[in-house]
Amino acid sequence: MNDNSSNTVHEDDEVESELEDMDEEEFETLLADAISDYAEENDTPRTRTRTFGEAGVLTNNKGLVVRVGDAEFQVTIVSSR
C-alpha cells in the first residue's frame with residue numbers, strides 16, 4: 001500500500017515554509033507571474049506587467065504596473081510582517 005498523504009503533507013509544509021520567508025521582491029515576481037499566467041490562460045487582450053523599476057516609477061517600494069487593454073494599474077507591495 002502506497003500512502004501519498006504523508007508526502008502531500010510534507011510538500012505542503014515545504015511550500016508554506018518557503019512562502020513564510022518570502023520578501024517583497026520574491027512576492028513581486030510571484031504576483032507578476034500569476035498575472036501573466038492568468039492573462040495567457042484567459043486570452044486577456046493586450047496585457048503587460050512591469051515592475052516599478054522597469055517602468056521607471058519613482059519610489060523605493062516594490063510593485064507592479066499592470067496594463068490591461070487601455071486601463072493601467074499600479075500595485076504597491078509592502079510587507080506587513
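Remarks
- Among the residues of the stretch 44-70, those that are among the aliphatic types (A, V, I, L, M) and either at pLDDT 95 or above or at positive phi (or both) comprise 55, 57, 58, 64, 65, 66.
- Residue check for residue 39: in a helix (DSSP H, G or I), at pLDDT 95 or above and surrounded by 13 or more Cβ atoms within 10 Å (Cβ to Cβ): no
- Residue check, residue 39 without any contact (Cβ under 8 Å) to a residue 60 or more places away in the chain, on the phi < 0 side of the Ramachandran plot and touching a strand residue (DSSP E or B) at 6+ places or on another chain (Cβ under 8 Å): yes
- Annotation note: Cβ proximity below 7 Å between a residue of the stretch 47-72 that is over 18 Å from residue 26 (Cβ atoms) and a residue that is of a type in the set (Ser, Thr, Tyr) and exposed (fewer than 12 other Cβ atoms within 10 Å of the Cβ) (sequence gap 6+ or interchain) occurs for no pair.
- Count of residues meeting criterion [over 25 Å from residue 23 (Cβ atoms) and either loosely packed, with under 11 Cβ neighbours inside 10 Å or small (Gly, Ala, Ser) (or both)] in the stretch 42-79: 7
The values are calculated or read from the model by the stated rules, or taken from the named source; none is laboratory data. Predicted model only: the values in this text are computed from it and were never measured. Cβ: placed from backbone, ideal geometry, glycine included. Neighbour counts: every protein chain shown.
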